[in-house]
Amino acid sequence: MAEALDINFVRAQFPAFQEPSLQGQAFFENAGGSYTCAPVIARLERYYRQRKVQPYGPYEASRLAGEEMDEARSRLAALLGVATDELSFGPSTTQNTYVLAQAFRQWLNQGDAIIVTDQDHEANSGPWRRLAAEGIEIREWQINPETGLLDLDDLEALLDESVRLVCFPHCSNVVGAVNPVVEITAAAHAAGAFVCVDGVSYAPHGLPDVGNMGPDIYLFSAYKTYGPHQGIMVIRRELGDLLPNQAHYFNEGTLYKRFAPAGPDHAQVAASAGMADYIDTLANHHGISGTATACAQGVHDLMRAHEEALLQPVLDYLSVRNSVRLIGPSEAGARAPTVAVALDRPGDEAAADLAQHGIMAGGGDFYAVRPLKALGVDLEKGVLRLSFVHYTNQGEVDQLLNALDDIL
C-alpha cells in the first residue's frame with residue numbers, strides 16, 4: 001500500500017481540473033457538493049445515449065440498464081460493509097430522512113421519545129422534530145456552546161426506556177468535529193434505542209465501514225461524494241423489516257424499495273456505480289487489496305491523511321487571528337476539513353471578496369441554523385465556510401491562505 005495519496009493521479013480522475021473555465025479557481029465549497037469523477041460522468045452519458053429506456057425489460061438496452069442500476073447498489077453496499085438490499089437510493093438525503101420520519105411516525109406510540117441534536121444540519125433534525133405534533137417526545141442533545149462539541153455523558157443523561165431512536169451527525173457541516181459513532185451507537189443500543197446517523201458531511205472524506213460501526217440507519221449524498229444528485233440510505237434489515245412500508249404495497253417485500261416511495265432516477269442510480277469505479281481505481285493505483293470494504297477503508301485512510309496534512313496549517317492560521325472565531329476543533333485529526341469561521345462582517349461578503357482572488361467558498365448559515373444559534377453566532381452575518389476534500393492540493397491551500405491575508 002502506498003504511504004501517501006498520489007494527488008496528481010487523483011486530480012486526473014476529475015475533468016473539472018482540466019476544464020479551461022475553472023483554471024486558476026481553487027474550490028473550497030466542497031461541503032455543498034463535490035466535483036464529479038470521470039467514471040460517474042462516463043456512466044451517466046452512456047446511460048442517456050444507450051440505455052434511456054424502462055429498465056429490467058427483456059430487450060438488450062433495458063436489461064443492461066437494470067443491470068447497471070443493480071451494480072450500483074451491490075458495489076456501494078459492499079464498500080460500506082452492508083448487505084446489498086440494505087442500501088437504497090432516493091432524491092436527496094433530506095427527502096430520505098423525511099420518508100423515514102413518516103415510517104417512525106406510524107410505528108411509534110404516544111410517549112415514545114426521539115433524541116436529536118442541535119449540532120445537526122436541518123435535514124437530520126427537522127423531520128424528527130416535527131413528530132412532536134404527533135405526541136412523540138423530542139429530547140435535544142445539546143452542544144457545548146463554546147466548543148460546539150457533543151458530550152457522551154449528556155447523551156447518557158437523556159437515555160431511558162422511552163427513547164426509541166437517537167439521531168446525530170457523523171460530522172457537523174459547520175462544527176466539523178468527527179463524532180464517535182461507534183461509542184454513541186453502543187450507548188444508544190444498550191438503552192434499547194435505534195440509531196440514525198447523518199453522514200452527509202463525513203462520507204466525502206472517505207466512505208465509512210457502516211457494517212462494523214453499527215448504526216441502524218446511515219445517510220449521505222452522492223453529489224457530495226463525487227457522484228450524481230442522489231441520496232444514499234443504509235437501513236439495516238432488523239429495523240427495515242420492523243418499520244411500516246412507505247412504498248407501493250406490492251414492493252413491501254423488497255427492503256431497498258420499502259422506503260423509496262418515488263420511482264428511482266434510473267440514470268443517476270446507474271451512474272452511481274461510477275463512485276465505486278473511482279474507489280476501486282484509487283485502491284488499485286495505491287496497492288490496496290482485499291475485500292471491497294477493506295479497499296474502501298484503505299482509500300478512506302489515504303484521503304484522511306492527505307486532508308489532515310493540508311488542514312492543520314489552515315487551522316493554525318485561523319486560530320491565531322483575533323478577528324476570527326474558528327468554529328470547532330483546532331486539531332486536524334479531530335475534524336473534517338469543513339472549516340466555518342465567524343467574522344465581524346457577513347460570511348457571504350467575505351466569500352465574495354475571496355472570489356476576487358480565485359477562491360470558490362461560501363457564506364451564510366448552510367441550513368445549520370440550530371448549531372450556529374447555540375454557538376451564539378449572529379445569524380444575520382452567518383459564517384464563512386472553507387471546505388475541501390482529498391483532491392485539493394497544496395498549491396490551492398497556499399492560494400487560500402494568501403487570499404485570506406488580503407481580505408481579513
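The values are calculated or read from the model by the stated rules, or taken from the named source; none is laboratory data. Source: prediction; values computed, not measured. Here Cβ is always computed from backbone atoms with ideal geometry, including for glycine, and neighbour counts include all displayed protein chains. In case anyone asks, the SASA skips ligands and DNA or RNA and just uses the protein heavy atoms, side chains included. Shrake-Rupley method; radii C 1.70, N 1.55, O 1.52, S 1.80 Å.
Some observations on this one:
- For region 235-250, filtered to residues that are in a helix (DSSP H, G or I) and not hydroxyl-bearing (Ser, Thr, Tyr), the residue that is surrounded by the most Cβ atoms within 10 Å (Cβ to Cβ) is 240.
- Residue 57 open to solvent by less than 50 Å² (accessible area, probe 1.4 Å), in contact with a helix residue (DSSP H, G or I) (Cβ under 9 Å, 6 or more places away or on another chain) and not in a helix (DSSP H, G or I): yes
- Residue count for region 309-326, restricted to those that are open to solvent by 50 Å² or more (accessible area, probe 1.4 Å) and touching a strand residue (DSSP E or B) at 6+ places or on another chain (Cβ under 9 Å): 3.
- The set of residues in region 327-350 being open to solvent by 10 Å² or more (accessible area, probe 1.4 Å) and at negative phi consists of 329, 330, 331, 333, 334, 342, 343, 344, 345, 346, 348, 349.
- Contact map, region 203-219: residues that are farther than 16 Å from residue 75 by Cβ paired with residues that are assigned to a strand (DSSP E or B) and open to solvent by 20 Å² or more (accessible area, probe 1.4 Å), Cβ distance under 8 Å, separation 6+ or inter-chain. Pairs shown: 216/194; 217/194.
Here's the yes/no breakdown for (1) outside the structural domain of residue 165 (by the TED database); (2) free of Cβ contacts under 8 Å to residues at least 12 places away in the same chain; (3) open to solvent by 20 Å² or more (accessible area, probe 1.4 Å); (4) under 22 Å from the mean Cα position of the chain (by Cα):
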| residue | (1), (2), (3), (4) |
| --- | --- |
| 225 | no, no, no, yes |
| 233 | no, no, no, yes |
| 252 | no, yes, yes, no |
| 257 | no, no, yes, yes |
| 269 | no, no, no, yes |
| 272 | no, no, no, yes |
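- Residue match in region 318-328 (condition: under 20 Å from the mean Cα position of the chain (by Cα), outside the structural domain of residue 77 (by the TED database), in a helix (DSSP H, G or I) and modelled with pLDDT of 95 or more): no
- Per-region count, region 351-388, residues open to solvent by 10 Å² or more (accessible area, probe 1.4 Å), of a type in the set (Val, Ile, Thr) and either out of contact with any Lys or Arg (no Cβ under 9 Å at 6 or more places or on another chain) or more than 19 Å from residue 328 (Cβ to Cβ) (or both): 1
- Test for residue 408: is it in contact with a Lys or Arg (Cβ under 7 Å, 6 or more places away or on another chain), free of Cβ contacts under 8 Å to residues at least 24 places away in the same chain and not polar (S, T, N, Q): no
- Here region 75-127 is the region considered, the condition is being assigned to a loop (DSSP other than H, G, I, E, B) and acidic (Asp, Glu), and the residue that is surrounded by the fewest Cβ atoms within 10 Å (Cβ to Cβ) is 112.
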